[in-house]
Structures are given as C-alpha cells and as structure tokens.
C-alpha cells in the first residue's frame, strides 16, 4: 500500500516538475519580472529522489530501479549545468518523463 501512495505522489511531483519546466520558459519571455531559479529545479530533484529511494528499497524490479537511477541522474546533470554554467539542456524533460514512466511501471507491476 505504501508503494501505491509513493507512486501516486511521485507521478504527481514529476508531472508538476515537467509542467514547470515546459511552461516556465514561456513565462520568462513575458516581461513581468520573473527570472529562472535553479533551486526550484533542485527542490523537485530532491523530492523525486526521496520518493524514488523509498520505492527502490521495497521493489525487486531491476528495470524500475535502473529507470529511477538514470532519470534522476539526467535531472541532476541538467540542474548542475544550469546552476553552475547557465546551460539549459533538455535532459530535465527526459528525466521527468523517465520518473513518470518508472512510477507508472512500478504502480502497474505491484497493483494489478
């Protein structure tokens, strides 16, 4: 039952992250005084990592664990490059979709 809650929470957080990453660049174009803050991306990464870690402790699926690891690593690379060098890569989108996919696979695998 806990994994179900973590999967739903993880899907929600990763989806919010993806929406934030897709819509925020459009808001920066509009002259309303908004600027990019990589700490928001870091917060999404930390939330996603905590949830993924809790699921990985209880799952036996190598696919789910690998997908979580690769997705979190791509988000981490994107956040670090953005924070240090102001390089914006689409890796964060790939990582968010990977997290959503891992949660859906885990949810279907354990709750069908």
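Laboratory data are not the source of any read-out in this text; all were calculated from the coordinates shown. All figures in this text were calculated on a predicted structure; none of them were measured in a lab. Positions of Cβ are generated from backbone atoms using ideal geometry, with glycine treated the same way; all protein chains shown enter the neighbour counts.
Remarks
- Taken along its three principal axes, the alpha carbon spread of the chain comes to 48, 23, 17 Å, from the longest extent down to the shortest.
- For the pair residue 35 and residue 66, a Förster radius of 41 Å applied to the C-beta separation gives a FRET efficiency near 0.70, rounded to the nearest 0.05.
- From least to most packed, judged by other beta carbons within 10 angstrom and beginning with the fewest, 35, 78 follow the order 35, 78.
- For the chain, the mean residue ellipticity at 222 nm estimated from helices alone is -29000 deg cm²/dmol, where every DSSP H run of n ≥ 4 contributes -39500 (n - 2.57) and the total is divided by all residues, rounded to the nearest 500.
- Per-selection Kirkwood Rh - segment 3-49 (Cα, Å, 1 d.p.): 11.7
- Principal-axis tilt of helix 91-110 within the chain, Cα atoms, nearest 10 degrees: 20
- When the chain is treated as a Gaussian network with alpha carbon springs shorter than 10 Å, the biggest mean-square fluctuation among 95, 48, 33 belongs to 33.
- Degrees separating the helix 62-85 axis from the principal Cα axis of the chain, which is the longest one: 20
- Residues 105, 34, sorted so that the one with the fewest Cβ neighbours within 10 Å comes first: 34, 105
- Footprinting exposure proxy for 41, 60, 82 (fewest neighbouring C-beta atoms within 10 Å first): 60, 82, 41
- Choice from 29, 87, 40 showing the highest fluctuation, given a GNM over the chain with Cα pairs closer than 10 Å: 29
- Taking 71, 96, 61 as the candidate residues, the one with maximal mean-square fluctuation in a Gaussian network model of the chain, Cα springs under 10 Å, is 61.
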